[in-house]
Structure formats: C-alpha cells, structure tokens
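Input: a single structure, listed below in structure tokens.
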Amino acid sequence: MSYEAISVFDIFKIGVGPSSSHTLGPWRAAQRFARMLQSENKLENVTAVKALLYGSLAKTGRGHGTDVAVQLGLAGDDPVTFAVEQISAKINDIAAMRKIVLLGLHEVDFDPREDIEFLVTESLPFHPNAVTFLAESRSGESYAETYYSVGGGFVVKEGEADSVKNTAQLPFPINTADDLLHWCIKTGMHIHEIVLENEHAWRKEQEIKAEIMNIWRVMKECIYRGCHTPGMLPGGLNVKRRAADLNNKLISGRDYTDYNSWVEAIRSGGNGFKYILDWVSCFALAVNEENASFGRVVTAPTNGAAGVIPAVLQYYITFCNGDKEEKIIEFLLTAAETGSIFKKGATLSAAMGGCQAEIGVSSAMAAAGLTECMGGTQRQVLMAAEIAMEHHLGLTCDPIAGLVQVPCIERNTMGAIKAITASQLALQSTPDFAKVSLDAVIKTMWDTALDMNHKYKETADGGLAVNVSLSLPEC
C-alpha cells in the first residue's frame, strides 16, 4: 500500500508568526534557494536576487509578513532560533542599506521595495501560495526556482511534488482514520502508542519524548507571555491585545512569580463553568496575539490556528489534573496523527480550503488529543475529531486587511471550546451508532474546499475583509 509518512515534528513546527503558509513556508523556501546557490557553488557570484509572490502570497503577503520572511530566509536566519525581538531592526537595516547578506556570507544589492514583487493578479496552477526566486550572476547567468507553501509550513519545490513524500518505513502505515483504527484493533494498542511506534522510524524514544516536551515548552511559554503582554497589535488595524487584561481580571490579585505558580493561582480560583470558559479563551487569545506580533509559536497545524491545541492542553493540565509528562506526550502524539490524516486526505492550507483547513483541523486535533488523555476508546478519539471538524465545515478565511487578527484570533477561542465540547460528546457517546466517520468528514471538507469560492480562501477579497470599513495607512 502506498502511504505518506509524516512525523509528529512535521505537524508541530517551532517558528515565528503570523502565518505558517505565508511566513514560515516562504521563510523556508528562501532558505532553500539560498542554500541551493551555496551548494552549487553559485553564491559568491550572485549580484542580484529577487522574489516574486503570486496568488494568496501576493494578496495577503504584506499583512502576513511574507516580505519579512523572504528577507530573513535569504539572509540565512532560522525561524526556530532567530531572536524575534531583532526582526524589525534587521528588516530596517536591509531597507536602509539596500543590501542583503545571503546566508550571512555574501552581500548583494537588494531593495525590498523593488526586489520583492507582489503579483496580485497572477496565480500559478499548482497552489495559490507560490514564490519564485531569481538570481543573477557576474557571468550573466540566471538562476530561478519556484516553491509552493502548501500549508502548515510545508514547502514543495516546482517539479518535485511527486518526490517529496517521506519514504520512511513505518511499522503501521497510515493514510486514513480507518487505517489507524485497523492497527489499533489488530494490536490492541492505544492511538498514541501506534504513533509512538511509527515515530521510531526517525528517532529514538528518549529523543521523541524530549522533543515533544520541547514543543510543549514553547507552547506554554507562548501562553504565559501572551497573558502578560498588553498593548496594540502591529499592522495598522489598531487591534487591542485582550489576553493580558483578561488574565488580570480572572487572577483577581492572586500572587504568582512564574508559569508554575501562575497555574496554581488559576486553580485556586475554582472550577466553575464560566471561570473555566474564560480561561480557555484567555489561553487561546494569548497565543494568537503573540502570533500576530511576530512572536515565537508552534505551528499546530498552522500559525493562524496555533492557539487551539495549546489552549485545550492547558485546560487539561490546569483543570483536569493533567500535569503529567506522559499525558502531555499522549495528547500531542494523538493530535499530530489526526492532523497528518487531514493533510493526506484534504489540506492544511487556508488558501486551498478556507479556515476549515486551519481552525477546523486544529479543533479536530485538539479534540482527539483531549479524548485520548481522558481515557476515551480509539473509536471515541476518532469520533471526537469528526465532531469537531463537522461543525467547522465551510468556514471561510476572510482576514481583514490581510492580517491574521480579525477574525482569526477569536476563532482560536471558538476552535478550542468546540474541541472540548466534541471530546465531551464523544466520551458520553457510543461510536458504533455514529452516522458520520472521520474519513467521511475529511472527504467532505476537501469537497467543500474544491467548491468554495476563491474569495473565501485567504485572499482578503470577500467576507469580513470587504464588508468591514477600515481606514488604514497606505503601504
């Protein structure tokens, strides 16, 4: 059977906001182009470089920081480690000097205003998120490569679409939810155990668990940072950050000094429904306000939906006594496999499928992870994922001014709450009587994506993006 092997760490990537497809993907593409020049001994002869942005990257690229990402990628900076507080200074230096140092090794003339082109009326057929890099050499030779940012930070180079699938040999090959259930039934293993065994194809178990906990470390640091950072979001919409104010209101003066004592302070406030609901919203708001501010987040499975999974996992840790390393690992392993099944059967790209491909998928992932940790059966886990996605079908992507702020940030709160509700429904249900399978809802999601008008696929050409009157400064 042909299958695509996707690692947990393909789904969960540490990076910089505000968008996995419009920031992280182009950043990685620019790195690849520059490294290609280096590996083929062309870098030192380059005299000029340009980036051409097509389709959705052109239409919402400025709001999503695509131009910033391209410059940092060409310069050889890495989104996992680059100090986010230095982004503005570096970009300002490039603009002022009109030069860029490719991979930090070779300086060429580069004016972002002229050498990054937003081709808003042009689109390439393979995928709406396309970028072409051009380089000129002293000898007059030209080099060009086109890349597609296909969602969730995944990047495909022109001509390699059929050859980039990971060929790792997995003990339990999985393309669909039925495949996953088949292996669970055959072995008697839990979903997270199946995923862990597959992950051994790439890493040893100690490394897998350490890296998963590192993913959670970045998530929880993002939540904590977002809950303690007031102010306005960048980009000109003048959107006020709300997580810090909400945190202050909910914490009611209780003392704490760090993340751990903060969690204890939250717990001491009780476990009433409204109180918990407010905190889940606060967790999700915090992450996506950080994301909108070029903060460090975990693509889960995208940046625009990065707040759903951390918010639900933080809910489980804080209010369900889930603060145990093995349970956090179970949650993230299960969520990642759910996301990989959606990627194989549909898409993680809002430019292809609308926001159902981002918030919808993240909500399904979170619902699955939570149900696994709450002791649900394998069928209940898959049922929870199905319920969460079923009630996101058709969700459009209509970012106002092309920014990942309105309605994106609040949608993460909705996705988190729906995930918890989906999990509770599944845990109180008998999956044998369910009318809709997870595979059926994934196929429906993809059919819906194909039928959806392009205006509602991360173009800012429809929906709230055109019906909300704004006075923004010209770019």
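The values are calculated or read from the model by the stated rules, or taken from the named source; none is laboratory data. Note that the structure is a prediction, hence the values are computed from the model and not measured. Cβ sites come from the backbone with ideal geometry, for glycine too, and all protein chains shown count toward neighbours.
Regarding region 394-411, can at least one residue be identified that is closer than 30 Å to L196 by Cβ and surrounded by fewer than 24 Cβ atoms within 10 Å (Cβ to Cβ)? Taking every residue of region 394-411 in turn, none turns out to be closer than 30 Å to L196 by Cβ and surrounded by fewer than 24 Cβ atoms within 10 Å (Cβ to Cβ). C355 falls short on exactly one of the conditions (1) farther than 19 Å from F283 by Cβ; (2) more than 14 Å from the chain's Cα centre (by Cα), and that condition is (2). Here the condition is being under 19 Å from the mean Cα position of the chain (by Cα) and of a type in the set (D, E); of E197, E193, E221, it holds for E221 alone.
Out of the helices (runs of 4 or more DSSP H) lying entirely within region 109-217, which hold 1 or more residues that are closer than 30 Å to Q38 by Cβ and touching a strand residue (DSSP E or B) at 6+ places or on another chain (Cβ under 9 Å)? Answer list for region 109-217: 112-115. Taken over region 414-433, the criterion of being over 27 Å from C282 (Cα atoms) and surrounded by 17 or more Cβ atoms within 10 Å (Cβ to Cβ) is satisfied by P431 alone. Taken over region 218-232, the criterion of being touching a residue at least 12 places away in the same chain (Cβ under 8 Å) and not in a loop (DSSP other than H, G, I, E, B) is satisfied by V218, M219, K220, E221, C222, I223, Y224, R225, G226.
Tallying residues that are touching a helix residue (DSSP H, G or I) at 6+ places or on another chain (Cβ under 8 Å) and surrounded by 24 or more Cβ atoms within 10 Å (Cβ to Cβ) within region 50-62 yields 8.
Considering every residue within region 274-296, establish whether at least one is in contact (Cβ under 8 Å) with a residue 60 or more places away in the chain, under 23 Å from A465 (Cα atoms), in a loop (DSSP other than H, G, I, E, B) and in the same structural domain as I409 (by TED's automatic domain parsing). Yes: one or more hits.
Taking region 392-435 as the range and being in a loop (DSSP other than H, G, I, E, B) and in contact with a Gly (Cβ under 9 Å, 6 or more places away or on another chain) as the test, the residues that pass are H392, L393, G394, L395, T396, D398, P399, L403, V404, Q405, P407.
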